[in-house]
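One structure is given below, encoded as structure tokens.
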Amino acid sequence: MIPVRLKLRNFMSYRGDLPAFSFSGIHTACISGDNGAGKSSLIDAITWALWGKTRADSDDDLISTGADEVEVEFDFSASGNLYRIIRKRSKAKKAGSAGLSGLDFQIFSGEEFQSITGDTITKTQEAVKSLLRMDYDTFINSAYLRQGHADEFSRQ
């Protein structure tokens with residue numbers, strides 16, 4: 001999996017509808033900045049888009065303060081194709097009810113993205129995991145070491 005583009009809307013500290021970030025031309029990167037600047041949130045956005053998992057306790061915790069919904073759009077290449085994942089979450093409208101989640105999986109046909117989303121979020125998630133040949137736990141214990149959890153790799 002090669003990251004191509006990341007677009008965030010109301011994701012954690014990234015408020016509003018921000019311009020997309022392009023990974024074009026980046027082969028190795030170092031993200032640096034002050035504590036709390038949102039460095040880890042960028043990786044969380046990617047893992048949430050791909051696997052629906054982050055370091056947050058719940059998906060509602062990913063929604064920026066003052067916002068009602070969050071969306072991450074992530075384009076990546078794998079197996080010679082370009083894919084897009086759009087994951088969304090909106091807060092519950094009424095106390096005691098559940099919020100709404102959505103997951104759309106697309107492939108670029110050469111002219112436009114076409115949906116290859118399954119009948120359910122679970123089926124779509126399985127298709128993504130199958131394409132990547134990697135689950136979240138494998139990713140965080142091999143390709144990415146989470147802040148404060150570097151020992152997980154050696155403990156595994």
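The values are calculated or read from the model by the stated rules, or taken from the named source; none is laboratory data. Fair warning: this is a prediction, and the values are worked out from it, not measured in the lab. Here the Cβ positions follow ideal geometry from the backbone for every residue, glycine too, while neighbour counts run over all protein chains shown. Keep in mind that these areas ignore ligands, DNA and RNA; they rest on the heavy atoms of the full protein, side chains included. Shrake-Rupley method; radii C 1.70, N 1.55, O 1.52, S 1.80 Å.
Of all residues being in contact with a Leu (Cβ under 9 Å, 6 or more places away or on another chain) and either more than 14 Å from residue 106 (Cα to Cα) or modelled with pLDDT under 90 (or both) in segment 55-78, which is least open to solvent (accessible area, probe 1.4 Å)? Just the residue, please. Give the steps one after another, and end with the answer.
Step one: list which residues in segment 55-78 are in contact with a Leu (Cβ under 9 Å, 6 or more places away or on another chain), which gives 56, 69-76, 78.
Next, only the ones that are either more than 14 Å from residue 106 (Cα to Cα) or modelled with pLDDT under 90 (or both) stay: 56, 69-71.
On the way: 56: 28, 69: 78, 70: 1, 71: 34 Å².
Ranking the qualifying residues of segment 55-78, first place goes to 70.
Consider only pairs whose beta carbons are under 6 Å apart and that are at least six residues apart or on different chains; among these, list those whose first residue lies in segment 15-27 and is within 16 Å of residue 42 (Cβ to Cβ) and assigned to a strand (DSSP E or B) and whose second residue is small (Gly, Ala, Ser) and at pLDDT 90 or above.
15/64
Need pairs with beta-carbon distance below 9 Å; first residue at positive phi and part of a strand (DSSP E or B) and within segment 3-14, second open to solvent by 20 Å² or more (accessible area, probe 1.4 Å) and not small (Gly, Ala, Ser); sequence gap 6+ or separate chains.
From residues that are at positive phi and part of a strand (DSSP E or B), the pairs are 10/17; 10/68; 10/69; 10/71.
Give me the pairs: first residue in segment 119-143 and closer than 18 Å to residue 75 by Cα, second residue among the charged types (D, E, K, R) and open to solvent by less than 70 Å² (accessible area, probe 1.4 Å), beta-carbon distance under 7 Å, and six or more apart or on different chains, which are they?
129/135
Within segment 59-73, can one find any residue that is out of contact with any strand residue (DSSP E or B) (no Cβ under 6 Å at 6 or more places or on another chain), touching a residue at least 60 places away in the same chain (Cβ under 8 Å) and either within 19 Å of residue 130 (Cα to Cα) or not polar (S, T, N, Q) (or both)?
There is no residue in segment 59-73 that is out of contact with any strand residue (DSSP E or B) (no Cβ under 6 Å at 6 or more places or on another chain), touching a residue at least 60 places away in the same chain (Cβ under 8 Å) and either within 19 Å of residue 130 (Cα to Cα) or not polar (S, T, N, Q) (or both).
Can you pull out the residues in segment 17-33 that are modelled with pLDDT under 90 and farther than 25 Å from residue 132 by Cα?
Result: 17, 18, 32, 33.
Would you mind finding the one in 52, 36, 96, 102 that is out of contact with any Lys or Arg (no Cβ under 6 Å at 6 or more places or on another chain) and either under 23 Å from residue 1 (Cβ atoms) or at pLDDT 90 or above (or both)? Show your work before the answer.
On the way: 36 fails: either under 23 Å from residue 1 (Cβ atoms) or at pLDDT 90 or above (or both); 96 fails: either under 23 Å from residue 1 (Cβ atoms) or at pLDDT 90 or above (or both); 102 fails: out of contact with any Lys or Arg (no Cβ under 6 Å at 6 or more places or on another chain).
After applying the criteria, what remains is 52.
May I ask you to list the residues in segment 28-58 that are of a type in the set (Ser, Thr, Tyr), free of Cβ contacts under 8 Å to residues at least 12 places away in the same chain and either within 30 Å of residue 123 (Cβ to Cβ) or part of a helix (DSSP H, G or I) (or both)?
Applying the first criterion (of a type in the set (Ser, Thr, Tyr)) to segment 28-58 yields 28, 32, 40-41, 47, 54, 58.
In the following step, the residues that additionally are free of Cβ contacts under 8 Å to residues at least 12 places away in the same chain were identified as 28, 32, 54, 58.
Listed by number, the residues that qualify are 54, 58.
Kindly indicate the residue of segment 107-139 that is under 20 Å from residue 80 (Cα atoms) and of a type in the set (Lys, Arg) and also least open to solvent (accessible area, probe 1.4 Å) among those meeting that condition.
The extreme case among them is 129.
All but one of (1) within 26 Å of residue 12 (Cβ to Cβ); (2) in contact (Cβ under 8 Å) with a residue 24 or more places away in the chain; (3) surrounded by fewer than 18 Cβ atoms within 10 Å (Cβ to Cβ) hold for residue 98; state the number of the condition that does not hold.
(2)
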